[in-house]
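J.: The structure that follows is given in the form of structure tokens.
The values are calculated or read from the model by the stated rules, or taken from the named source; none is laboratory data. As the structure is a prediction and not an experimental result, all values here were calculated from the model. So basically every Cβ, Gly included, is an ideal-geometry build from the backbone, and we count neighbours across all protein chains shown.
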Amino acid sequence: MAAKVGIPTAAQLSLSWQWQFATTMTSTMDRDDSNDSGNAAIRISADITNLHSMLGLNTRWNARHRHAKDNSWQLFSSRRWNASGRRCRRRPSGRWCPTFRKVGEVEVKDISLTDYIALRNAVYTPHTAGRYQNKAFKKAQTPIVERLVNSLMMHGRNNGKKLMAVRIVAHAFEIINLLTDANPIQILVDAIINTGPREDSTRIGSAGTVRRQAVDVSPLRRVNTAITLLTTGTRESAFRNVKSIAECLADELINAAKGSSNSYAIKKRDEMERVARSNR
């Protein structure tokens, strides 16, 4: 029997991929008649690599570089290892990659948000490690995918788990690409444009005479609110749900991009604008 190696759980793969993974692993176990656990692990590693190629994931499985807690794979196309275990740089292939995509074809349809949705530079990983907090409004230069990843790291137990957040976004982008056959970053941009409220209400007056007053929302706050609503809706829909959080994020982005009322962010935006309309 082959030695145990890190293999993905059902929650780590989309439901549409599970049958392909099961078929691949079954054929691997059937061929394993020897007691050589090393060769069995190598064969399983090769089959998982072939599986990733079949799914369109531009990744490479390596038993030496697994996450210590959940045996997850590196989904970063800029981090690859050669046979000796050393890191080597490779150019991204023409196939779809979860964390890299040409952003030149992405269009921001709302001219007021053009300067606040950062799409000018393509990044291999949504982790630029930039000091965007040192200067006012500098966070508008943060890549929009990285802002989505950072917003997923909310509520104490998720703080600092950026690798997990990147993996969730990568799987969600794969699902979006399979369902819509469109650029997932374009879907994300459309969702942000549709869910950013144009009007909100604020408190006016001193402690004794406080009233609500409708105000216009600045472009940067529209983007901030939209990302917050999208991730909040994803987190709430994934709680006690058979779907993984990646599938819930994909559904939320697709519905928000369409302007569907099934989206949590769209419903919250309508509620905010309705309250502001009554306080004009």
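J.: Does Arg212 count as of a type in the set (D, E, K, R) and either part of a strand (DSSP E or B) or in contact with an Asp or Glu (Cβ under 9 Å, 6 or more places away or on another chain) (or both)?
T.: Here the answer is yes, as Arg212 does meet what is asked.
J.: Let me ask something additional. Please go through the stretch 116-172 and give me each residue that is of a type in the set (Gly, Ala, Ser) and touching a strand residue (DSSP E or B) at 6+ places or on another chain (Cβ under 6 Å), ordered by number.
T.: Selection gives Ala118 alone.
J.: Also: Scan the stretch 186-209 for residues that are free of Cβ contacts under 8 Å to residues at least 12 places away in the same chain and in a strand (DSSP E or B) and report the count.
T.: 2
Per-residue answers, yes or no, for (1) out of contact with any strand residue (DSSP E or B) (no Cβ under 6 Å at 6 or more places or on another chain); (2) farther than 25 Å from Val108 by Cβ; (3) not assigned by TED's automatic domain parsing to the domain that holds Ile144:
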{"residue": "Gly205", "(1), (2), (3)": "no, yes, no"}
{"residue": "Pro219", "(1), (2), (3)": "yes, no, no"}
{"residue": "Asn224", "(1), (2), (3)": "yes, no, no"}
{"residue": "Thr228", "(1), (2), (3)": "yes, no, no"}
{"residue": "Ile245", "(1), (2), (3)": "yes, yes, no"}
{"residue": "Ala256", "(1), (2), (3)": "yes, no, no"}
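J.: Which residues, taken from the stretch 255-272, are among the charged types (D, E, K, R) and either surrounded by fewer than 20 Cβ atoms within 10 Å (Cβ to Cβ) or free of Cβ contacts under 8 Å to residues at least 60 places away in the same chain (or both)?
T.: The answer is Lys258, Lys267, Lys268, Asp270, Glu271.
J.: For the stretch 126-174, enumerate the residues that are crowded, with 21+ Cβ neighbours inside 10 Å and in a loop (DSSP other than H, G, I, E, B).
T.: Scanning the stretch 126-174 gives a single hit, Pro126.
J.: Could you list all residues from the stretch 229-252 that are part of a helix (DSSP H, G or I) and over 17 Å from Ala172 (Cα atoms)?
T.: Scanning the stretch 229-252 gives no hits.
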